[in-house]
Amino acid sequence: MTKKNDKMNINEIMAIFVAYIQQEIEYTGMKIKEMKEWEIDDSKEVLISEESEPSFGETFSKEWL
């Protein structure tokens, strides 16, 4: 009966791990770049007048209770 040599060398495992981490870093960088393109500029704020009161009806208020 012979044993199969299925064990991986620690260097092979580390090489696979490093390649995986590098790909994850690259993917995360791509996601960050994409999010920055869609990021809303802080100078574009919506101003709501404090003088006007909301004009919601009574039925709308009851839905939230």
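The values are calculated or read from the model by the stated rules, or taken from the named source; none is laboratory data. Since we're looking at a predicted model, the values are computed, not measured. Backbone-built Cβ (ideal geometry, glycine too); neighbour counts: all protein chains shown.
Against the test of being in contact with a helix residue (DSSP H, G or I) (Cβ under 9 Å, 6 or more places away or on another chain) and modelled with pLDDT of 70 or more, the options Met8, Met35, Met30, Met14 yield a single qualifying residue, Met8.
Among what's in the stretch 38-62 and is part of a helix (DSSP H, G or I) and of a type outside the set (S, T, N, Q), pick the residue that is modelled with the highest pLDDT.
For the stretch 38-62, the residue satisfying everything is Trp38.
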